[in-house]
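Visitor: Starting off with a structure, shown below.
The values are calculated or read from the model by the stated rules, or taken from the named source; none is laboratory data. Since the structure is predicted, the reported quantities are computational estimates derived from the model, not experimental observations. Here the Cβ positions follow ideal geometry from the backbone for every residue, glycine too, while neighbour counts run over all protein chains shown. Quick note on the areas: whole protein, heavy atoms, side chains included, nothing else; ligands and nucleic acids left out. Shrake-Rupley method; radii C 1.70, N 1.55, O 1.52, S 1.80 Å.
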Amino acid sequence: MSDRHRTAKRVLALVLGSVALWGLGAPPAAAPARNPAVGAGARAASRSADAFDGRALYVDECASCHGPDARGVSGRGPSLRGVGSAAIDFYLSTGRMPLERPGIEPTRTEPLNDERGRANLIAYLTGLDARGTPIPIVHPQRGDLPRGRRLFADACSGCHQIAAKGGVDPEITAPPLEDATPTQIAEAIRVGPYLMPRFGPRVLDEHDVDSIARYVTTFGRHPLNRGGWGIGNIGPIPEGLVAWLLAGGLLVLVARVIGERST
(Lines give C-alpha, C1' and ligand atoms only; values in the text may rest on other atoms or scores of the structure.)
Protein backbone atom coordinates (compact mmCIF):
# COMPACT_ATOMS: atom_id res chain seq x y z
CA MET A 1 0.00 0.00 0.00
CA SER A 2 1.39 3.34 -0.99
CA ASP A 3 2.07 6.12 1.45
CA ARG A 4 -0.68 8.11 -0.24
CA HIS A 5 -3.28 5.44 0.53
CA ARG A 6 -2.08 5.12 4.13
CA THR A 7 -2.40 8.88 4.63
CA ALA A 8 -5.92 8.88 3.17
CA LYS A 9 -6.99 6.07 5.54
CA ARG A 10 -5.56 7.90 8.53
CA VAL A 11 -7.41 11.08 7.59
CA LEU A 12 -10.65 9.13 7.11
CA ALA A 13 -10.20 7.41 10.50
CA LEU A 14 -9.63 10.73 12.20
CA VAL A 15 -12.74 12.19 10.59
CA LEU A 16 -14.90 9.21 11.55
CA GLY A 17 -13.52 9.26 15.11
CA SER A 18 -14.26 12.96 15.44
CA VAL A 19 -17.82 12.42 14.23
CA ALA A 20 -18.30 9.59 16.75
CA LEU A 21 -16.96 11.69 19.62
CA TRP A 22 -19.17 14.63 18.61
CA GLY A 23 -22.18 12.30 18.65
CA LEU A 24 -21.32 11.12 22.14
CA GLY A 25 -20.88 14.63 23.49
CA ALA A 26 -23.82 16.19 21.74
CA PRO A 27 -27.02 16.75 23.78
CA PRO A 28 -29.65 14.06 23.34
CA ALA A 29 -32.41 14.66 20.92
CA ALA A 30 -35.44 16.35 22.31
CA ALA A 31 -38.00 13.93 23.67
CA PRO A 32 -41.29 13.83 21.86
CA ALA A 33 -43.91 16.14 23.27
CA ARG A 34 -46.06 14.48 25.92
CA ASN A 35 -49.78 14.43 25.84
CA PRO A 36 -50.85 17.52 27.89
CA ALA A 37 -53.52 15.45 29.58
CA VAL A 38 -50.92 13.01 30.87
CA GLY A 39 -48.86 15.81 32.39
CA ALA A 40 -51.95 17.34 34.00
CA GLY A 41 -52.92 13.95 35.35
CA ALA A 42 -49.48 13.47 36.89
CA ARG A 43 -49.66 16.86 38.59
CA ALA A 44 -53.17 16.11 39.82
CA ALA A 45 -51.96 12.77 41.15
CA SER A 46 -49.12 14.46 43.07
CA ARG A 47 -51.60 16.85 44.62
CA SER A 48 -54.09 14.07 45.39
CA ALA A 49 -51.40 12.32 47.44
CA ASP A 50 -51.64 15.09 50.04
CA ALA A 51 -55.42 15.12 49.72
CA PHE A 52 -55.45 11.35 50.22
CA ASP A 53 -53.51 11.70 53.46
CA GLY A 54 -55.82 14.55 54.43
CA ARG A 55 -58.83 12.35 53.91
CA ALA A 56 -57.39 9.78 56.31
CA LEU A 57 -56.89 12.49 58.93
CA TYR A 58 -60.39 13.79 58.29
CA VAL A 59 -61.96 10.38 58.84
CA ASP A 60 -60.04 9.92 62.10
CA GLU A 61 -60.46 13.39 63.58
CA CYS A 62 -63.37 15.24 61.96
CA ALA A 63 -65.92 12.92 60.40
CA SER A 64 -67.74 12.13 63.66
CA CYS A 65 -68.94 15.74 63.91
CA HIS A 66 -68.81 16.99 60.32
CA GLY A 67 -69.97 13.83 58.58
CA PRO A 68 -68.18 11.35 56.32
CA ASP A 69 -68.76 13.62 53.32
CA ALA A 70 -68.01 16.90 55.18
CA ARG A 71 -71.61 18.02 54.84
CA GLY A 72 -72.10 18.34 58.59
CA VAL A 73 -74.01 16.44 61.23
CA SER A 74 -77.11 17.99 62.79
CA GLY A 75 -76.48 19.00 66.39
CA ARG A 76 -72.79 18.16 66.19
CA GLY A 77 -70.93 20.13 63.53
CA PRO A 78 -71.58 22.28 60.42
CA SER A 79 -70.74 21.50 56.83
CA LEU A 80 -67.13 22.19 55.86
CA ARG A 81 -67.78 22.38 52.14
CA GLY A 82 -66.92 25.79 50.73
CA VAL A 83 -65.70 27.27 54.03
CA GLY A 84 -62.33 28.07 52.48
CA SER A 85 -58.74 27.35 53.42
CA ALA A 86 -58.48 30.41 55.71
CA ALA A 87 -61.18 29.14 58.08
CA ILE A 88 -59.81 25.60 58.07
CA ASP A 89 -56.26 26.77 58.74
CA PHE A 90 -57.36 29.15 61.51
CA TYR A 91 -59.32 26.57 63.46
CA LEU A 92 -56.66 23.89 63.04
CA SER A 93 -53.54 26.01 63.61
CA THR A 94 -54.99 27.55 66.80
CA GLY A 95 -56.06 24.17 68.16
CA ARG A 96 -59.72 25.21 68.25
CA MET A 97 -60.59 22.12 66.28
CA PRO A 98 -61.25 19.33 66.87
CA LEU A 99 -63.47 20.18 69.83
CA GLU A 100 -63.43 18.10 72.99
CA ARG A 101 -67.19 17.87 72.67
CA PRO A 102 -69.78 19.60 70.48
CA GLY A 103 -71.58 22.71 71.71
CA ILE A 104 -68.75 24.34 73.67
CA GLU A 105 -66.93 27.52 72.76
CA PRO A 106 -63.73 26.70 70.84
CA THR A 107 -60.69 28.02 72.67
CA ARG A 108 -57.05 28.19 71.73
CA THR A 109 -55.00 25.09 72.54
CA GLU A 110 -52.03 23.27 71.09
CA PRO A 111 -52.82 22.22 67.51
CA LEU A 112 -53.40 18.52 67.03
CA ASN A 113 -51.67 18.38 63.64
CA ASP A 114 -48.40 19.78 62.43
CA GLU A 115 -48.16 22.08 59.43
CA ARG A 116 -47.97 19.21 56.96
CA GLY A 117 -51.02 17.52 58.45
CA ARG A 118 -52.99 20.75 58.32
CA ALA A 119 -51.99 21.27 54.70
CA ASN A 120 -53.19 17.77 53.87
CA LEU A 121 -56.55 18.38 55.53
CA ILE A 122 -56.91 21.67 53.68
CA ALA A 123 -56.04 19.96 50.39
CA TYR A 124 -58.72 17.34 50.98
CA LEU A 125 -61.49 19.70 52.07
CA THR A 126 -60.84 22.37 49.44
CA GLY A 127 -60.75 19.58 46.89
CA LEU A 128 -64.35 18.79 47.78
CA ASP A 129 -65.38 22.43 47.33
CA ALA A 130 -62.89 25.14 46.37
CA ARG A 131 -65.08 28.08 47.37
CA GLY A 132 -64.45 30.27 50.40
CA THR A 133 -61.75 32.64 51.58
CA PRO A 134 -58.16 31.59 50.87
CA ILE A 135 -55.41 31.93 53.45
CA PRO A 136 -54.50 35.64 53.39
CA ILE A 137 -50.97 36.89 52.85
CA VAL A 138 -50.15 39.49 55.51
CA HIS A 139 -47.13 41.79 55.80
CA PRO A 140 -47.13 43.51 59.22
CA GLN A 141 -43.95 45.43 58.37
CA ARG A 142 -45.88 47.24 55.63
CA GLY A 143 -48.62 48.32 58.02
CA ASP A 144 -49.06 51.71 59.63
CA LEU A 145 -48.86 51.48 63.43
CA PRO A 146 -51.06 54.51 64.33
CA ARG A 147 -53.64 53.39 61.78
CA GLY A 148 -53.55 49.87 63.16
CA ARG A 149 -54.16 51.15 66.68
CA ARG A 150 -57.06 53.29 65.52
CA LEU A 151 -58.66 50.47 63.56
CA PHE A 152 -58.15 48.01 66.42
CA ALA A 153 -59.67 50.47 68.89
CA ASP A 154 -62.72 50.95 66.65
CA ALA A 155 -63.34 47.37 65.55
CA CYS A 156 -61.68 45.03 68.04
CA SER A 157 -61.00 46.56 71.45
CA GLY A 158 -64.63 46.31 72.53
CA CYS A 159 -64.06 42.57 72.99
CA HIS A 160 -60.30 42.08 73.00
CA GLN A 161 -59.43 45.30 74.92
CA ILE A 162 -57.08 47.94 73.55
CA ALA A 163 -54.00 45.98 74.64
CA ALA A 164 -55.32 42.78 72.99
CA LYS A 165 -55.44 41.00 76.36
CA GLY A 166 -58.92 39.58 75.80
CA GLY A 167 -62.09 40.06 77.78
CA VAL A 168 -65.43 38.60 78.76
CA ASP A 169 -68.65 39.35 76.91
CA PRO A 170 -72.09 38.24 78.13
CA GLU A 171 -72.13 35.58 75.39
CA ILE A 172 -68.48 34.79 74.71
CA THR A 173 -64.97 35.04 76.06
CA ALA A 174 -62.86 37.09 73.68
CA PRO A 175 -59.40 35.50 73.71
CA PRO A 176 -56.12 37.31 74.27
CA LEU A 177 -54.09 37.74 71.09
CA GLU A 178 -50.61 37.42 72.52
CA ASP A 179 -50.01 34.07 70.80
CA ALA A 180 -51.76 34.87 67.52
CA THR A 181 -49.54 34.97 64.45
CA PRO A 182 -50.02 37.67 61.80
CA THR A 183 -51.61 35.07 59.52
CA GLN A 184 -54.04 33.97 62.23
CA ILE A 185 -54.95 37.61 62.91
CA ALA A 186 -55.68 38.16 59.22
CA GLU A 187 -57.63 34.89 59.00
CA ALA A 188 -59.79 35.87 61.98
CA ILE A 189 -60.51 39.24 60.40
CA ARG A 190 -61.59 37.65 57.13
CA VAL A 191 -63.59 34.63 58.32
CA GLY A 192 -65.01 35.86 61.66
CA PRO A 193 -64.51 32.73 63.77
CA TYR A 194 -67.25 31.68 66.19
CA LEU A 195 -69.28 34.83 67.08
CA MET A 196 -66.68 37.35 65.90
CA PRO A 197 -67.92 39.56 63.04
CA ARG A 198 -66.39 39.12 59.62
CA PHE A 199 -64.58 42.04 57.98
CA GLY A 200 -64.33 41.82 54.20
CA PRO A 201 -61.93 43.74 51.95
CA ARG A 202 -64.47 46.55 51.50
CA VAL A 203 -64.41 47.21 55.24
CA LEU A 204 -60.76 46.47 55.97
CA ASP A 205 -58.45 46.29 52.96
CA GLU A 206 -55.06 44.57 52.86
CA HIS A 207 -53.23 47.61 54.20
CA ASP A 208 -55.68 47.83 57.09
CA VAL A 209 -55.11 44.16 57.92
CA ASP A 210 -51.34 44.68 57.75
CA SER A 211 -51.68 47.66 60.09
CA ILE A 212 -53.82 45.78 62.62
CA ALA A 213 -51.42 42.83 62.57
CA ARG A 214 -48.51 45.19 63.16
CA TYR A 215 -50.26 46.88 66.07
CA VAL A 216 -51.23 43.60 67.75
CA THR A 217 -47.81 42.00 67.34
CA THR A 218 -45.87 45.08 68.52
CA PHE A 219 -47.60 47.66 70.71
CA GLY A 220 -50.41 45.30 71.68
CA ARG A 221 -47.88 42.89 73.18
CA HIS A 222 -45.50 45.50 74.55
CA PRO A 223 -47.70 48.43 75.63
CA LEU A 224 -46.30 51.60 77.13
CA ASN A 225 -47.13 51.87 80.82
CA ARG A 226 -46.82 55.61 81.27
CA GLY A 227 -48.15 55.44 84.81
CA GLY A 228 -45.53 52.93 85.85
CA TRP A 229 -48.00 50.21 86.83
CA GLY A 230 -49.83 48.45 84.02
CA ILE A 231 -52.00 46.25 86.29
CA GLY A 232 -51.76 43.54 83.65
CA ASN A 233 -52.89 45.97 80.91
CA ILE A 234 -56.47 44.93 81.51
CA GLY A 235 -57.85 48.16 80.07
CA PRO A 236 -58.62 51.70 81.24
CA ILE A 237 -61.99 51.00 82.87
CA PRO A 238 -60.88 48.02 85.01
CA GLU A 239 -57.64 49.81 85.82
CA GLY A 240 -59.65 52.87 86.88
CA LEU A 241 -61.83 50.74 89.14
CA VAL A 242 -58.73 49.25 90.74
CA ALA A 243 -57.34 52.75 91.29
CA TRP A 244 -60.59 53.94 92.89
CA LEU A 245 -60.69 50.86 95.11
CA LEU A 246 -57.15 51.43 96.31
CA ALA A 247 -57.75 55.16 96.77
CA GLY A 248 -60.98 54.52 98.70
CA GLY A 249 -59.25 52.04 101.00
CA LEU A 250 -56.43 54.50 101.58
CA LEU A 251 -58.90 57.31 102.46
CA VAL A 252 -60.68 55.03 104.94
CA LEU A 253 -57.36 54.15 106.55
CA VAL A 254 -56.32 57.83 106.79
CA ALA A 255 -59.69 58.78 108.27
CA ARG A 256 -59.41 56.04 110.85
CA VAL A 257 -55.90 57.11 111.87
CA ILE A 258 -56.99 60.74 112.19
CA GLY A 259 -60.03 59.68 114.19
CA GLU A 260 -57.93 57.64 116.61
CA ARG A 261 -55.54 60.54 117.20
CA SER A 262 -58.33 63.00 117.90
CA THR A 263 -59.91 60.83 120.60
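Visitor: Considering only residues of the stretch 157-195 that are out of contact with any Leu (no Cβ under 7 Å at 6 or more places or on another chain) and charged (D, E, K, R), which is modelled with the lowest pLDDT?
Guide: Asp169
Visitor: Could you check the stretch 48-150 for helices (runs of 4 or more DSSP H) lying wholly inside it with 2 or more residues that are hydroxyl-bearing (Ser, Thr, Tyr) and within 21 Å of Ile185 (Cα to Cα)?
Guide: Result: 85-93.
Visitor: A further question on this structure: So, of the residues in the stretch 70-92 that are charged (D, E, K, R) and touching a residue at least 24 places away in the same chain (Cβ under 8 Å), which turns out to be nearest to Tyr124 (Cα to Cα)?
Guide: Arg81
Visitor: Related question: Among the residues of the stretch 209-231 satisfying the criterion of being open to solvent by less than 20 Å² (accessible area, probe 1.4 Å) and at pLDDT below 65, which is farthest from Ala180 (Cα to Cα)?
Guide: This residue is Gly230.
Visitor: I've got another one for you. Looking for something more than 16 Å from the chain's Cα centre (by Cα), within 16 Å of Pro106 (Cα to Cα), at pLDDT below 95 and not aliphatic (A, V, I, L, M) - is there at least one such residue anywhere in the stretch 196-208?
Guide: Yes, the stretch 196-208 has at least one match.
Visitor: Answer yes or no as to whether Phe152 is more than 30 Å from Gly103 (Cβ to Cβ) and at pLDDT 95 or above.
Guide: Yes.
Visitor: So, one more: Answer yes or no: is there a residue in the stretch 161-175 that is open to solvent by less than 30 Å² (accessible area, probe 1.4 Å) and touching a Cys at 6+ places or on another chain (Cβ under 7 Å).
Guide: The answer is yes; a qualifying residue exists.
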